[in-house]
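As structure tokens, the structure follows; a few thoughts come after it.
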Amino acid sequence: MRRDAPPLWQPGPDEFERSNLARFARSNGFDPKDYETLHRWSISDFDGFWNALWDFSGVIGARGDVVLQRVSEGEMFGARWYPQAELNFAENLLVGDDARLAVIEANESGVVANVTMGELRERVARAQYGLRKLGVGRGDCVAGIMPNNTDALVALLATASIGAIWASCSPDFGAPGIIDRVGQVHPKVVVAARSYVYNGKRFSIDENLRAVLAGMPGVEHLVVSGDDAAPLEGASVHSLTWRELCADANASLEFERVPFSHPLYVMFTSGTTGLPKGIVHTTGGVILQHRKEHLMHCDVRPGDVMSWYTNTAWMMYHWLISGLASHAAIVLYDGAPIVKRADGLDYGVLWRIAQEARITHFGTSPRYLGSLAEAAYEPGRQHDLGALRSVLSAGAPVTPEQFDWLYAAVKRDMIFASISGGTEIIGCFVLGSPLHAVHRGEIACKGLGLAVDVLDERGASIIGRKGDLVCTEPFPSMPLTFWGDNGEARYRAAYFDARPGIWTHGDLAEQNHHGGVVIYGRTDTTLKPGGVRIGTAEIYRVIDTQPEIQDCIVFGRPVGDDEEIVLCVVMKAGFTLDASLIDRLRAEVRKKASPRHVPRDIHQVCAVPYTINGKRVEGAARSVVAGVPVKNLGSLSNPECLAEFAALYAKEPA
């Protein structure tokens, strides 16, 4: 991995003088231009670094004297942080003057409401009082099935303010998918909208709600939110409206402080390999991880405006709302990222909101960026993005070409940060910073406080070669456990069985001598033809740029003791996959990746399987081609497309 071009952006005197990260470095005796030394300190002096972060970021709560307790010397699993601390998540977010802007609510028509911090606190107080009247207390679970609006945020913060636990699903999940997730936590109260709007159409979920309630017998109350809020007819539990829950105008806001390790969220993995894992995240771990990433790595400042295109189930929603703790406003957008209008596709809806709301930090995904680039849509030429300081992307690797497009089509004077981590840590292992140059195709740096490395099959650290992304020391946002029976055993098996005492994350990665990192994809989708590990991202990078290809998916097909690479493509209208195009695709892959990356078979399909959160599901395609059932079809947004994959090799002789 060599840098073959100058940086697309690099920090100047202002970043090295005024950024939060530079000020933090200097306050602890480090040169802002020497990030490597600062990072080494952050992963070796646990007490010094994490206490300094707590103080610098103004965490509200009693810290105590002990920072880290290990089960045994050098043991990562089971470490407990700040065992004497007491704090409350909502108290740390509901900060600042009453008049400051806290929430900008938007939908497919644009910005629809602004909410001040005073108004937000009042709404949380009312919801808190209502939840307590329903019997919700510390340690109880509340589930949300909500679109991305202010009511959903208020419900979450009211739950956290009591010391209760929040779990959520997006309303576009089917009933089995919702039950598989929030059904695990046995919620006492479900807060749900009866409908949601997407691409200009309103979709009722009444039938799903009835099925969900019937499938979760422990639920005691259903709170119905939304424009069409009314008690749900035929509900098997007590049903009331959001207005009724929040009826007491005289409610006062109180915060119940809980231990650092008290559960805050139960978040769920995609579930494409079985029942979704319920990952329990701690109150203090979420606060510290997000304060670190927002302040240090994203340089979020008071008065900034943060956005991320996300639903309420994805971890980036939880990451976004923590921006309130930095005295920033957050944009809550509900709808499609690219809206189907009567006159065609509207690529500008999010960018019009960015202009009106004066967004400073715009969060998105590579799939969205690819769609804009393919449509030749140039946000920077069509919208006033003067306030924009940073674009961030998560969910999949970002190609070098997408880096180029961003700086050509969006804005040159900004930081683009591809970030990578996961639901498991509710944050990032590798990301950007205001003190790092942006190089095409690279993630700029390892996160402070995270002992990230890339190891080979020997367990040796490697540079310039692909290996497993790992973390070798404990960190506060490690999960508390997995929810349910044998939670700790399942948690240990998922991340510590491969290398005892070391977190193995499941990403194929490469680090360079500059400190940058490239993620090539998940190791469970890594291709291994001839025993050589190949990341799927290297093939996607080539195929996604072909003008005839609408979408694609690549996976390995077992053949005897080996594996062959299979590429399936969705063609754009008016194009067909013929022999000449197949030859050209193979030639392009051979030239731009390597001969080992060349697909053995290339097929045309009508659609590619995706999760509800918009991630390609290579594992599902691989399973059905091999004749193995996909364990959790409820995690897919389009499971019907798998029938076409199952038929690809069905007639092949054994």
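Here are the numbers for the structure shown:
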| quantity | calculated |
| --- | --- |
| Residue check, residue 105 surrounded by 19 or more Cβ atoms within 10 Å (Cβ to Cβ) and not assigned by TED's automatic domain parsing to the domain that holds residue 138 | yes |
| Selection count, segment 450-465, where residues are among the hydrophobic types (A, V, I, L, M, F, W, C) and part of a loop (DSSP other than H, G, I, E, B) | 5 |
| Given (1) without any contact (Cβ under 8 Å) to a residue 40 or more places away in the chain; (2) within 20 Å of residue 523 (Cα to Cα), number of the condition residue 638 does not satisfy | (2) |
| Residue match in segment 172-181 (condition: under 15 Å from residue 144 (Cβ atoms) and of a type in the set (A, V, I, L, M)) | yes |
| Segment 199-228: number of residues that are within 25 Å of residue 129 (Cα to Cα) and surrounded by fewer than 18 Cβ atoms within 10 Å (Cβ to Cβ) | 5 |
| Scope segment 158-177; condition assigned to a helix (DSSP H, G or I) and out of contact with any Pro (no Cβ under 9 Å at 6 or more places or on another chain); matching residues | 158, 159, 160, 161, 162, 175, 176 |
| Subset of segment 501-518 (residues that are surrounded by fewer than 22 Cβ atoms within 10 Å (Cβ to Cβ) and either charged (D, E, K, R) or within 23 Å of residue 608 (Cα to Cα) (or both)) | 506, 510 |
| Residue within segment 602-619 that is modelled with pLDDT of 90 or more, in a helix (DSSP H, G or I) and among the aliphatic types (A, V, I, L, M) present | no |
| Which listed residue, of 247, 214, 251, 230, is free of Cβ contacts under 8 Å to residues at least 24 places away in the same chain and of a type outside the set (Lys, Arg) | 214 |
| Condition met for residue 545 (polar (S, T, N, Q) and within 23 Å of residue 397 (Cα to Cα)) | yes |
| Residue within segment 6-21 that is aromatic (Phe, Trp, Tyr), modelled with pLDDT of 95 or more, in contact with a helix residue (DSSP H, G or I) (Cβ under 6 Å, 6 or more places away or on another chain) and buried (at least 18 other Cβ atoms within 10 Å of the Cβ) present | no |
| Restricting segment 586-601 to residues that are outside any helix (DSSP H, G or I) and among the aliphatic types (A, V, I, L, M), the residue that is farthest from the chain's Cα centre (by Cα) | 598 |
| Cβ-Cβ under 9 Å pairs, at least 6 apart or on other chains, segment 372-397 side among the aromatic types (Phe, Trp, Tyr), far side surrounded by 21 or more Cβ atoms within 10 Å (Cβ to Cβ) | 377/351 |
| Qualifying residue in segment 544-552 (condition: surrounded by fewer than 18 Cβ atoms within 10 Å (Cβ to Cβ), touching a residue at least 12 places away in the same chain (Cβ under 8 Å), touching a helix residue (DSSP H, G or I) at 6+ places or on another chain (Cβ under 7 Å) and among the acidic types (Asp, Glu)) | yes |
| Selection count, segment 553-574, where residues are closer than 13 Å to residue 530 by Cβ and in contact with a strand residue (DSSP E or B) (Cβ under 6 Å, 6 or more places away or on another chain) | 4 |
| Unmet criterion (only one of (1) hydrophobic (A, V, I, L, M, F, W, C); (2) surrounded by fewer than 24 Cβ atoms within 10 Å (Cβ to Cβ); (3) assigned to a helix (DSSP H, G or I)) for residue 416 | (3) |
| Hits in segment 542-589 - residues which are more than 21 Å from residue 401 (Cα to Cα) and of a type in the set (Val, Ile, Thr) | 559, 565, 566, 576, 582 |
| All positions within segment 269-316 that are in a strand (DSSP E or B) and under 18 Å from residue 389 (Cβ atoms) | 305, 306, 307, 308 |
| One residue from 191, 124 being outside any loop (DSSP other than H, G, I, E, B), within 23 Å of the chain's Cα centre (by Cα) and assigned by TED's automatic domain parsing to the domain that holds residue 246 | 191 |
| Pick from segment 374-401, criterion part of a helix (DSSP H, G or I) and modelled with pLDDT under 95, ranking: farthest from residue 300 (Cα to Cα) | 374 |
| Only one of 50, 41 that is part of a helix (DSSP H, G or I) and farther than 18 Å from residue 285 by Cα | 41 |
| One residue from 437, 394 being surrounded by fewer than 20 Cβ atoms within 10 Å (Cβ to Cβ) and of a type in the set (A, V, I, L, M, F, W, C) | 437 |
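The values are calculated or read from the model by the stated rules, or taken from the named source; none is laboratory data. All of these numbers come straight from a predicted model, not from anything done at the bench. Virtual Cβ from ideal backbone geometry, glycine too; neighbours counted across all protein chains shown.
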